[in-house]
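Input: a single structure, listed below in structure tokens.
Rule-based calculations on the coordinates, nothing more; no lab input. Note that this is a predicted model, so its numbers are computed, not measured. A quick note on method: Cβ atoms are made from the backbone with ideal geometry, for glycine too, and the neighbour counts reach across all protein chains shown.
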Amino acid sequence: MIFRLVLPALAMLVSSVSAHAQTAFEPHTVAYVLCVSNATKKLALAIPEIAKDSIIERAFGACSSDEMAARKSLAKIGTGEAAINERISSTKQFIRLTAPDDIDRQRANRIPR
């Protein structure tokens with residue numbers, strides 16, 4: 001499940017990197033995506049169930065320190081503020097699009113068959 005969310009997000013990051021910039025697999029950026037994925041999974045399994053949009057926003061909030069670390073790390077290697085904002089925005093947009101299906105899958109799989 002996590003790989004279904006993380007790998008496409010990382011692939012999306014690769015496409016947003018300019019030719020002279022660092023690799024998309026910058027450790028702090030990867031840590032941020034993993035944090036959001038893990039927080040989404042935990043919240044999806046919460047009882048009583050939380051609305052999907054709320055889960056996603058709470059996951060972003062729970063990972064704000066990882067987002068800040070990614071921003072600082074990207075700035076250290078010379079990535080401009082606009083490029084950093086675009087990368088984080090694109091990552092969040094992708095997660096918002098894919099997370100609802102992952103939440104449904106988590107909820108469906110929590111009940112043994």
Quarter of the surface of the C-alpha convex hull for segment 54-113, i.e. direction-averaged projected area in nm², equals 4.9 nm²
Can you tell me the order of 44-53, 93-102 when each peptide is scored by its average per-residue count of other Cβ atoms within 10 angstrom, highest first? 93-102, 44-53
